[in-house]
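Heads up: the structure comes next, in structure tokens.
The values are calculated or read from the model by the stated rules, or taken from the named source; none is laboratory data. Here the structure is a predicted model, which means the values were calculated and not measured. As a convention, Cβ positions derive from the backbone with ideal geometry for all residues, glycine included, and neighbour counts pool all protein chains shown.
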Amino acid sequence: MRKALLALCYFVATAVALAFLALPILAIFVHVPPGRLIDQVSNPVVTDALIVSFKTTLIAQALVLLFGTPTAYLLASRRFPGRSLCVTLVELPLVLPPAVAGIGLLAAFGRFGLLGSSLHSVGVSLPFTQSAVTIAVAFVASPLYVRQAIAAFEAIDPNLVAASRTLGAGPARTFFRVVLPLARGSLAAGEALAFARGLGEFGATIMFAGSLQKVTQTLPLAIYAEFEVNFDVTLAISALLVLISAALLISLKLTSLWQPSEQISPSRFARLSWS
């Protein structure tokens, strides 16, 4: 009797939790049928925001990959004084309120900021430009990728790296031929998470870049701008973001199937032993 009652409690709690999470999403699509969504996507506000969002987010993710991957590998493979502080700095943007992140970017890169004044003296102005959107997206999204990458690199068997070095492969060749193939599934998952976070960024972007249509107005900013002007557009953009987020989530699930086992074929090790 007690087991049956406990099972019922589990079932009711799960049903309530799932209904609570699903209801807002379902409500959006109740108000935005497919035909209306297609019509609203052609709205200039939506298309402009979509272009700005994808352009800035893709550039930001490229920067995250370029700088975040070696940073993560260094933090995962080396132990040095101050490493814990470096990891804390990487994770700090995750817990910062988005508005604080935006104010921090203004204080750093604004006209009278720490670096902004020097940039302004040579004719470079970042705030309220599309570059500012890219910087804001990279700032808030990069910790998700770097944390995932650190965990991926730490999970690699160090004996495989040592074997590669023993066969004569240098650090760079070992990294590209052994480390990256083993970590690529987790790295792809981290990149998907970072992309989703960047695409949904609002607070830091509006504080640092503003909301100028065709320039800095991303999809979340367009939702805010159209909320009291045209609620149908707001619903359509929301539905579009749900679909994009769902696609990213599915791709994230698929990367788990892509993650290779931690084994390197003998032929690959043979190809490493060259000068």
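Going residue by residue through the range 4-11, is there one that turns out to be touching a Gly at 6+ places or on another chain (Cβ under 6 Å) and part of a helix (DSSP H, G or I)? Checked against the condition, which is being touching a Gly at 6+ places or on another chain (Cβ under 6 Å) and part of a helix (DSSP H, G or I), the range 4-11 yields no hits at all. Taken over the range 214-234, the criterion of being more than 17 Å from A132 (Cβ to Cβ), touching a Ser or Thr at 6+ places or on another chain (Cβ under 8 Å) and in a loop (DSSP other than H, G, I, E, B) is satisfied by F227 alone. Tell me, please, whether a residue that is of a type in the set (A, V, I, L, M, F, W, C), surrounded by 13 or more Cβ atoms within 10 Å (Cβ to Cβ) and within 11 Å of A204 (Cα to Cα) can be found in the range 107-119. Checked the range 107-119: no residue is of a type in the set (A, V, I, L, M, F, W, C), surrounded by 13 or more Cβ atoms within 10 Å (Cβ to Cβ) and within 11 Å of A204 (Cα to Cα). Taking the listed residues A76, A72, the one that is crowded, with 18+ Cβ neighbours inside 10 Å, out of contact with any strand residue (DSSP E or B) (no Cβ under 6 Å at 6 or more places or on another chain), under 30 Å from T174 (Cα atoms) and modelled with pLDDT under 95 is A76, with no other qualifying.
Only a single item in (1) buried (at least 16 other Cβ atoms within 10 Å of the Cβ); (2) within 26 Å of T69 (Cα to Cα); (3) touching a residue at least 40 places away in the same chain (Cβ under 8 Å) is not met by D157, and it is number (1). Can you give me the ranges of the helices (runs of 4 or more DSSP H) entirely in the range 143-207 with at least 2 residues that are of a type in the set (D, E, K, R)? Per the criteria, 180-199.
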